[in-house]
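A short worksheet on the structure shown next.
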Amino acid sequence: MKDTSKHQGLRNQLVKLLEGKGIVDKNVLEAIQKIPRHLFLDSGFEQYAYQDKAFPISAGQTISQPYTVAFQTQLLEVKKGDKVLEIGTGSGYQTAVLCSMGAKVYSIERQLELFKKTSLLLPKLGIRTKHLSFGDGYKGLPDYAPFDSIIVTAGAPTIPKPLMEQLKIGGRLVIPLGKNEQIMTLLIRKNETQFEKHEHGEFRFVPLLEDKN
């Protein structure tokens, strides 16, 4: 599991590209610069790891393109020590970015194959989450709520109610909403019953799967 100066050079180029696309949060850019994305991909894709593209991973899922990861993270406005709930651990790359920014990350993955793989990979890379869970992201993690922010890394037709309930007042929820193409949506909780909604353009994600049991 090597991270060479060549990889670091490619990450520097990626950061410049993301700045050019409008990512301004220095903490987000620093995290992208630090995290070895190639170690989250199957070795066959390693040479493409620092292109701004999504790639397939196990269980029919994808690792989001770096711009999408950076854009969602920037919308969260993560501060050190924030309690962040991530729905869809996937490869663990987004998880690693959040941890690198000093967030206390609680993450849920519903694909067992991915959950097992990522649970082993993150500690190997020295990335410490607060809690990794195998289960239904629609339900969130009520035992650990409330959260300063919630990030959903799969497309959902509607915002799962439990996630809204588990968000702290003043907290931010970022979710791609829609079926085939999604609108990146930011909800800010104003009080017990009111949320402010902002829309931030079209993205494409794999669907958020609900456990029907």
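Any read-out appearing in this document is the output of simple, stated calculations on the displayed coordinates, not a laboratory observation. All values reported here derive from a predicted model rather than from experimental measurement. In this analysis, Cβ positions are derived from the backbone assuming ideal geometry, glycine residues included, and neighbour counts consider all displayed protein chains.
Some notes on this structure:
- Computed magnitude of the charge dipole of the chain (debye, nearest 20; Cβ of K, R +1, Cβ of D, E -1): 480
- Ordering of 100-106, 147-153 by packing [mean C-beta count within 10 Å, highest first]: 147-153, 100-106
- Dimensions of the range 103-213 along the principal axes, based on C-alpha atoms and rounded to the nearest Å, stand at 39, 31, 30, largest first.
- For the range 1-113, convex hull of alpha carbons as volume per residue, Å³: 99
- Bridge orientation summary for the range 13-167: considering DSSP beta bridges with both residues in this region, about 10 percent are antiparallel.
- Packing rank of 71-78, 25-32, 194-201, 84-91, where each peptide gets the mean count of other beta carbons within 10 Å, highest leading: 84-91, 71-78, 25-32, 194-201
- Only helical runs count toward this figure. For the chain, summing -39,500 (n - 2.57) over DSSP H runs of n ≥ 4 and dividing by all residues gives -8500 deg cm²/dmol at 222 nm.
- Computed E for Lys124/Lys79 - FRET, C-beta separation, R0 22 angstrom, nearest 0.05: 0.20
- Rg and Dmax of the range 95-156, Cα atoms only, in Å: 11.5, 31
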